[in-house]
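Engineer: One structure, as C-alpha cells, below. Some questions next.
Just so it is clear, none of the values below were taken in a lab; they were calculated from the coordinates. Everything numeric in this text was worked out from a predicted model, so none of it was measured. Reconstructed Cβ throughout: ideal geometry from the backbone, glycine too, with neighbour counts over all protein chains shown.
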Amino acid sequence: MLTQEPKQNLVPVPIWRCRNSECKAFVREELAASPSPACPLCNGPTIRSVKHLPELVKKYKKPK
Ligand SMILES: [Zn+2]
C-alpha cells in the first residue's frame, strides 16, 4: 500500500515567533525586516525558534 506524501521538502527554518502563545504569527528569519522583528500581528515581542517549513522554491510561472 502506497502512502501519499506531499512532495514538499520540509526543512528546519530559523524563525521569529510571537511570545504570545495565543498568537500564531511568525516570521521567517530570512524574510524578517530587522534582526529582531516585532510580531506582524500583535506587534508584540518575538523569540527565535525553528520551524519545519516547505523549502522556499521560486515557482516557475508559465507564460500565457
Ligand atoms: Zn503576535
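Engineer: Any idea how far apart VAL11 and CYS42 come out in nm if each label point goes 7 Å out from Cα toward Cβ?
Structural biologist: According to this spin-label approximation, the distance is 3.1 nm.
Engineer: Under a straight-distance cross-link criterion of Cα-Cα below 17 Å, which lysines are reachable from LYS24, leaving out those fewer than 8 residues away in the same chain?
Structural biologist: Straight-line reach from LYS24, under 17 Å: LYS51.
Engineer: Relative contact order for the chain using alpha-carbon pairs under 8 Å, separation at least 6, rounded to a whole percent?
Structural biologist: Numbers: 92 pairs, mean separation 24.7, N = 64.
Relative contact order, the chain: 39 percent.
Engineer: Sticking with this structure for a sec: When the Kirkwood radius is taken over all Cα pairs of the chain, what Stokes-Einstein diffusion coefficient follows at 20 °C and 1.002 mPa s, in µm²/s?
Structural biologist: The Stokes-Einstein estimate is 157 µm²/s.
Engineer: Then there is this: Give the residue list of GluC sites (Glu not before Pro) in the range 1-59 that are DSSP loop and have at most 10 other beta-carbon atoms within 10 angstrom.
Structural biologist: GLU22, GLU55
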